[in-house]
Every structure is written in structure tokens, then in C-alpha cells.
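Reading through the C-alpha cells given below for one structure.
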Amino acid sequence: MKLSKPFISILVLLVITNCKQDSKTEPNKMKFEVYETSESGKKLEKVTHFSSEGDAVSIKLNPKQKFQTITGFGGSFTEASAYLLNQLSEAKRNEVLEAYFGNDGAKYSLTRTHMNSCDFSLSNYSYAPIEGDVNLEHFSVEEDREDLIPMIKDAMAISEDGFKILTSPWTAPPWMKDNNSYVGGKLLPKYYDTWALFFSKYLEAYKAEGIDVWGFTVENEPLGNSNNWESMHFTAEEMTDFVQNHLGPKLEEDGHDAKILGYDQNRGEELNHWVDVMYANEASSKHYDGTAVHWYASTYDVFPESLEYAHNKAPNKYLIQSEGCVDSEVPKWKDDQWYWSKEATDWGWDWATAENKHLHPKYAPVNRYARDIIGCLNNWVDGWIDWNMVLNKQGGPNWFENWCVAPVIVDPQTDEVYYTPLFYTMSHFSRFIRPGAVRIGIENSDDELMATAVKNPDGSYVVVAFNETDTPKQIELTLEDQTIGLQISQRAIQTIVIPNK
């Protein structure tokens, strides 16, 4: 049948009209990318195909509900890590630094290092070893020039966005202490001004090396470490006196704007007392820029009540997790399954007191990292720093033989590098949640699925979820008026990125 020209024109017009109407009524599909690390072998792998079987967990994002601004994520420059990197070939050394700081790597944005030696040094040392040198005329960071400073500078050269450096002393020089030892004891009050000058000298020495230090914690673990390695004890009152009347004024006088974080030990009941003292009044809190915490009080408990208490005590100041690691047991070389196994454990399982034993059940290292970071973010923590970036197959070097696990393990004898599942777990946060991101509200219908969400400075949204159960879970993720369906594998951590429109 031959159609007339007018009829064809009407038909074409109807088709065009219907197409326009369809395009108006069809909602724009929300774009998203999913990356997963799992017990089954995925390592920050991009996932594009999802099963739709089973009931879905509902996750709803609420961008109007805003919480803390993110400072960053990263790990620590230690002499042990820097020394090991220098034992590798130049190619492998650069590979590790690129993996941590490169644009295609973990993109660490918040780091830590030690001022003077720590247990993850090759020996005890101080930048001011001359007894009675109260004006620190012989102060020198020469000890750091062979390993530590080159590692930091090379990381700086690789990092396009840059990163913040938080530094911590484990102890003052022995001659400034009441027991004349690297281990234990207290800073003598007559040396408070000299110790404050020490911080200022450190900033100047590192700046002369081309390294700007963002901030300090006043003392690593001021409650002590059972006098095992470098340490120096403070009460909350003593530390606040030192900061208020010596360290803060000295840094101000010398023109330094480095941040000062107090406490720097485990979350829990002690934290409440410390922030009460630190932020008791305007004078006591003036020179504190925030609070630092560690995770060693429990292998699973985030202590949300104490974190919320610390935040409420100083809502406009930093709350940073400055150290955490899996310790005590020698890591398993190239054994991914170990990191997903509850047979891995830490000191608490073996040595915790009877009343605290319940806080240290056996755990899988990946679970501990993923649970802790998500739990911290959901309770006002704005930065999370891992301990050593690189260790060897023994879990050292460590002069005290306090073996620990790092996300990257190396064997200098064979020039091999092993990126453990912990490296990818850290990357799920550090690579995708950028400094300046703001945590937003999230409604999660499944208590077994941990999740947190942020909005990045570039307008993108990031959700990190952790499924520690033995079954996959369907997810319906809703942002404003749009919903997407996806799936997270069993025993897996997943990052979902929703780009800015």
C-alpha cells in the first residue's frame, strides 16, 4: 500500500513527539563505579556486573545531614620502613612509594613519623644527645638523613595532591628525664622550656630539608607501654601545663603554626578524663588543636561513647586516629588468606588482664581495619593513620623485637614486595575519600553491613561498605530521587563512587 506524503509527515511527527515525551519521563540513570576487595581474591577490583537475586539492603544517603570534615588517611614513615626501602632495588623502592602516594595508588593524604627514635628504629637515638645542652646548640637531625628524610622527600615528589605530616616524640633525651633512660620516667619540670625548644628546632631542621611538618602529638602513649621501649609519662594535667605554658607559647613566639594534638593513646574511659582536662577552659584549650587516639584497647570495640564525648568536648577541633596496627604475631609471607582469618591475633588475646580479656577476641586483620575505620568515621574521627608502611617478613626491624604487620611486606634479600590485603583495605578509604570531604547522613537497614558515606570536595559521593558475613548481600543505594542496585560479595569491602553530575 502506497502512503500519501501528508500521512507520512503526520506519522513522522507522531514518532518524534512520542520520543520527546519518553525522554522527558525517563529519569536519568545515576552513574556509579564500584571497587571491591574480598576474601575470594579481589584486590580493589572494579566490578561492573551484579546479581539481582535475594532481598536488598536499603542504604539511603542524606547529603543535607553533615558531620565532620575529613583531614585524611595514610600511614607512618618510620626508620624501619625507610631502611627497608633503601635495601630494595631502585625500581622496587619507587614502586612501593608510587603505590602509596602515586595518582594511581593509595594516594595517602595524612601521615605520621617519629621525633627521636621509637621501637621501629634501628637503635635508640636523640637529636640532642649532649647532656646539659639546654639551649640545644648541638641539636641535629643527622640520624634521619640516611633513610627517613629521603623516604619522606621522595614521597612528596610523587604525591600530586601532597600530604600532611604529623610527628610524635616517644621520649625526650634521657638527660631531661627523672630516670635518665629512654624507657619510662617523666620529663623534669626544669627542662620544660628546653623540651618546647626541641619541637621548634625540629620544625626548623625539617623545613631546612624541604619538609613542612603539619603538626605534633605532644607525646606518644603518655600512659606508658609497660616500660618496654621508648616512652615518657605524662598525666593529663602535666601535659596540659606543658602545652599551655611552654610548648604552645614557644611555637607561637618562633612563628610556627604547627598543630598540637593532645593525649595520643587508646580510646576508652581514659580519653574522657583527658579531654576534660585539655578543654577545661579557654586558657587550657587555647594551644590544643585537637586530640589523637590509638586503637589498642580492643580488637573490635570502637568505643563510640568516648569518641562522641571527645568530639562534644571540642567540636571544632581535630579528632585523629594516629596509630593502629596488627601486632605480636609474625605476618604470613604472601598468604592472603591469613589476613581474612581469625587465627591472626594480637597481644590482647595472649596477655590482656582477665577483666579486659573480653575486649580482645580473635579477629581477622582485614575485619579489624575495615570495622575500625568505618566505626571511627561514623563517630566523628576525621583522620585515620596506620602504623608502619613497610616491614619485613619477620615484622621488623624493631630493636625491641616488637614484631608487627604492615600493609606492604618486603624481602630485601630477594627484592620482593608483597601488597597484603591490608594495603587494599586502606586504599578503599585513602584513594577515594579526599581531604575536605564531609561525612553525610546514611540510613542502613542491615546491622550486619557496616557503611559510611561522604561528599568529596569535587562533588562526588563515596560510600564504603564492609560485609563480614559469609553470604553476598544485595544493595539498593538511594541518593535523592535515584536508586541503583548492586551487590557486595561475602567477606568483602567495597567502595562505591557516584561522580558529580
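The values are calculated or read from the model by the stated rules, or taken from the named source; none is laboratory data. Remember, predicted model here, so these are calculated numbers, not experimental data. Cβ sites come from the backbone with ideal geometry, for glycine too, and all protein chains shown count toward neighbours. Calculation scope for accessible area: heavy atoms of the full protein, side chains included, ligands and nucleic acids excluded. Shrake-Rupley method; radii C 1.70, N 1.55, O 1.52, S 1.80 Å.
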Could you give me the residue pairs with C-beta distances under 7 Å whose first residue belongs to the range 310-327 and is within 19 Å of Leu110 (Cα to Cα) and at pLDDT 95 or above, whose second residue is part of a loop (DSSP other than H, G, I, E, B) and among the charged types (D, E, K, R) wherever it lies, and which are 6+ apart or on separate chains? Lys317/Asp289; Tyr318/Asp289; Tyr318/Asp382; Leu319/Asp382; Ile320/Asp382
When you scan the range 450-465, how many residues do you find that are open to solvent by 30 Å² or more (accessible area, probe 1.4 Å) and within 16 Å of Cys376 (Cα to Cα)? 1
Go through the residues of the range 104-112 one by one and say whether even a single one is farther than 23 Å from His233 by Cβ, open to solvent by 10 Å² or more (accessible area, probe 1.4 Å) and touching a strand residue (DSSP E or B) at 6+ places or on another chain (Cβ under 6 Å). no
Any residue at all in the range 464-485 that is of a type outside the set (Val, Ile, Thr), under 19 Å from the mean Cα position of the chain (by Cα) and closer than 18 Å to Tyr35 by Cβ? yes
Every residue from the range 346-360 that is open to solvent by less than 10 Å² (accessible area, probe 1.4 Å) and either part of a loop (DSSP other than H, G, I, E, B) or over 18 Å from Trp387 (Cβ atoms) (or both): Asp346, His360
When every residue in the range 234-266 that is touching a residue at least 40 places away in the same chain (Cβ under 8 Å) and β-branched (Val, Ile, Thr) is compared, the one surrounded by the most Cβ atoms within 10 Å (Cβ to Cβ) is Val243
May I ask you to say which residue of Tyr296, Tyr279, Tyr339, Tyr309 is more than 30 Å from Val408 (Cβ to Cβ) and either touching an Asp or Glu at 6+ places or on another chain (Cβ under 8 Å) or buried (at least 18 other Cβ atoms within 10 Å of the Cβ) (or both)? Tyr279
Please specify each residue of the range 162-179 satisfying the condition of being part of a loop (DSSP other than H, G, I, E, B) and in contact with a Phe, Trp or Tyr (Cβ under 9 Å, 6 or more places away or on another chain). Phe163, Trp170, Thr171, Ala172, Pro173
Any hit, the range 197-209, residues being in a loop (DSSP other than H, G, I, E, B), closer than 30 Å to Asp154 by Cβ and open to solvent by less than 50 Å² (accessible area, probe 1.4 Å): yes
Breaking point among (1) over 30 Å from Leu377 (Cβ atoms); (2) buried (at least 20 other Cβ atoms within 10 Å of the Cβ); (3) of a type outside the set (Phe, Trp, Tyr), for Leu271: (1)
Expected output for the range 222-233 (first residue open to solvent by less than 50 Å² (accessible area, probe 1.4 Å) and at pLDDT 95 or above, partner of a type in the set (Asp, Glu) and not in a loop (DSSP other than H, G, I, E, B), Cβ below 8 Å, 6+ apart or cross-chain) is Pro222/Asp264
Condition first: more than 14 Å from Gly262 (Cβ to Cβ), touching a strand residue (DSSP E or B) at 6+ places or on another chain (Cβ under 8 Å) and among the hydrophobic types (A, V, I, L, M, F, W, C). Now tell me which residues in the range 274-325 satisfy that. Trp295, Ala297, Leu307, Cys325
Restricting attention to the range 65-86, and to residues there that are in contact with a helix residue (DSSP H, G or I) (Cβ under 9 Å, 6 or more places away or on another chain) and open to solvent by 20 Å² or more (accessible area, probe 1.4 Å), which single residue is farthest from Gly396 (Cα to Cα)? Phe67
Asn402 is checked against (1) open to solvent by 10 Å² or more (accessible area, probe 1.4 Å); (2) within 19 Å of Gly74 (Cα to Cα); (3) modelled with pLDDT under 95 and fails just one. What number does that condition carry? (2)
Would you mind finding the one in Tyr339, Tyr363 that is of a type outside the set (Val, Ile, Thr), in a loop (DSSP other than H, G, I, E, B), over 30 Å from Lys259 (Cα atoms) and at pLDDT 80 or above? Tyr363
Top-ranked residue in the range 436-449 [being part of a loop (DSSP other than H, G, I, E, B) and open to solvent by 50 Å² or more (accessible area, probe 1.4 Å); ranked as nearest to Ile488 (Cα to Cα)]: Glu448
Check Thr414 against each of (1) of a type in the set (Ser, Thr, Tyr); (2) in contact (Cβ under 8 Å) with a residue 12 or more places away in the chain; (3) open to solvent by 10 Å² or more (accessible area, probe 1.4 Å) and name the one condition it does not meet. (2)
Suppose we keep only residues that are in contact with a Lys or Arg (Cβ under 9 Å, 6 or more places away or on another chain) and of a type in the set (Asp, Glu) within the range 416-447. Which one would you say is farthest from Leu377 (Cα to Cα)? Glu416
Residues of the range 236-267 being within 30 Å of Tyr300 (Cα to Cα) and touching a Leu at 6+ places or on another chain (Cβ under 9 Å), in sequence order, are Lys259, Ile260, Leu261, Tyr263, Gln265, Asn266, Arg267
